[in-house]
Ligand SMILES: Cc1cc2nc3c(=O)[nH]c(=O)nc-3n(C[C@H](O)[C@H](O)[C@H](O)COP(=O)(O)OP(=O)(O)OC[C@H]3O[C@@H](n4cnc5c(N)ncnc54)[C@H](O)[C@@H]3O)c2cc1C
């Protein structure tokens with residue numbers, strides 16, 4: 001009903017909420033708000049995303065070794081709510097006119113915008129990455145790498161970046177392609193943020209899978225067929241996977257929204273842009289400060305930001321003040337191929353606790369976590385309140401003036 005009015009332009013009273021990006025955070029915002037808006041006729045919810053399929057980004061290292069990603073339809077998930085799905089590429093945001101441009105020819109007006117366009121791998125910082133390296137920025141990239149690996153009869157794959165995406169990718173490739181030599185290169189040691197037991201386990205698993213780890217190294221250049229390290233040494237590579245560093249969509253900065261040095265939208269405690277309060281920022285695209293520091297991009301933190309933005313929008317529409325967002329980390333699950341994993345439990349500020357899971361228990365835990373977002377959205381659609389539970393971080397996130 002609201003949509004029909006919207007399309008014919010007669011629903012002047014409806015508050016138009018446009019959500020950009022149907023990743024883990026944007027999807028959470030859309031489902032939460034759509035479920036709540038079912039009970040009201042004064043809110044229009046529109047979700048915009050480049051693909052019709054929801055991308056399980058947490059499985060991209062699996063897709064890179066040929067595993068099929070599930071066909072999860074965003075439009076089907078929203079069916080039964082009044083939310084509208086627009087498939088398209090966002091090319092500009094105009095916060096003065098309060099419009100969003102899609103595919104350069106469609107203009108969507110909004111009253112409140114939720115910006116959840118996530119991040120992609122940063123291919124600009126090092127020469128040759130853009131031209132010669134693979135990335136895991138989206139499903140197409142992962143599938144492209146899978147095809148390349150399947151074609152390599154033998155040779156060396158260099159995984160550049162020893163953060164958790166690099167570790168998971170190197171382990172996955174080594175397990176699925178045992179005839180390939182896998183070299184994991186990076187500044188820090190793999191699992192450097194874990195407790196000694198978890199790190200020792202992770203090191204042993206990489207060793208067992210035959211991954212050669214070289215930490216403390218800086219990549220200077222990616223060349224056709226090799227990676228050049230600072231100092232001039234070259235490491236031969238038949239394929240390079242670049243996992244180091246992320247880049248935020250340039251659209252926020254181009255629109256004049258206040259962003260940090262990484263292009264993330266700087267938010268207030270309610271997740272609104274500090275420069276444009278009618279824009280909420282969620283997930284990896286947002287620079288959200290907690291008492292322990294600025295949150296780093298994860299799904300575990302991203303989904304709560306989406307839900308919180310939706311709850312805040314609803315509160316404001318009811319004439320109430322939004323509540324401050326609080327979030328504390330609780331785990332770092334890391335897959336080590338399909339048959340092994342390690343889960344580091346953490347304090348709310350993401351420092352490691354003593355407790356960790358390893359082996360089969362960890363594999364089960366990791367898979368449960370990875371598979372959970374989609375059913376969570378389904379549940380939220382029926383029972384919006386079910387999405388509002390996440391660890392608030394206790395004393396780690398309490399700041400003076402916060403309730
Ligand atoms: C291999 C891998 C493993 C990971 N494992 C974990 C893990 O175990 N646990 C964890 O917590 N996190 C993990 N992460 C991180 C996690 O995936 C991200 O933090 C999360 O995806 C961020 O969610 P988001 O909604 O902010 O952005 P995204 O999930 O990136 O979604 C952004 C959406 O916006 C769309 N989009 C972008 N630009 C445009 C545009 N201009 N127009 C239209 N649409 C656009 C994209 O297509 C996408 O659908 C992993 C990441 C990778 C790559």
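Laboratory data are not the source of any read-out in this text; all were calculated from the coordinates shown. Note that the structure is a prediction, hence the values are computed from the model and not measured. A quick note on method: Cβ atoms are made from the backbone with ideal geometry, for glycine too, and the neighbour counts reach across all protein chains shown.
Some points to look at:
- Remark: the residue 40-residue 208 segment gains 54.8 nm on full extension, using 0.36 nm per residue and subtracting the alpha carbon distance.
- For the chain, the longest principal axis of the Cα atoms and the long axis of helix 359-371 meet at an angle of about 30 degrees.
- The packing ranking, built from the mean of other Cβ atoms within 10 Å per residue, places the peptides 36-45, 385-394 in the order 36-45, 385-394, highest first.
- If the segment from residue 105 to residue 355 were pulled out straight at 0.36 nm per residue, it would be longer than the present Cα-Cα gap by 84.7 nm.
- Computed helical MRE - 222 nm, the chain, DSSP H runs ≥ 4 contributing -39500 (n - 2.57), nearest 500: -8500 deg cm²/dmol
- If both residues of a DSSP beta bridge must be in the chain, then about 45% of such bridges are antiparallel.
- Among 175-182, 258-265, 296-303, 67-74, sorting by the average number of other beta carbon atoms lying within 10 angstrom of each residue, highest first, gives 296-303, 258-265, 175-182, 67-74.
- Packing-based ranking, highest mean first, of 280-293, 82-95 given that Cβ atoms within 10 Å are counted: 280-293, 82-95
- In units of the compact-protein estimate 2.2 N^0.38 Å, the stretch 261-321 shows a Cα radius of gyration of 1.08.
- Dimensions in Å of the chain - Rg and Dmax from alpha carbons: 21.6, 66
- Of all DSSP beta bridges in the stretch 123-244, antiparallel share, percent nearest 5: 30
- Share antiparallel - DSSP beta bridges, the stretch 177-247, percent rounded to 5: 60
- Potential lengthening of the chain between residue 87 and residue 197 amounts to 35.0 nm, from the contour at 0.36 nm per residue minus the alpha-carbon distance.
- The relative contact order of the chain, computed from alpha carbon pairs under 8 Å that lie at least 6 residues apart in sequence, is 17 percent.
- Angle between the chain longest axis and helix 139-151 axis [Cα atoms, degrees, rounded to 10]: 20
- Anisotropy class of the stretch 348-403 from Cα gyration tensor, a/c 1.5 cut: oblate
- Folded to 0 to 90 degrees: helix 164-176 orientation relative to the chain principal axis, Cα: 60
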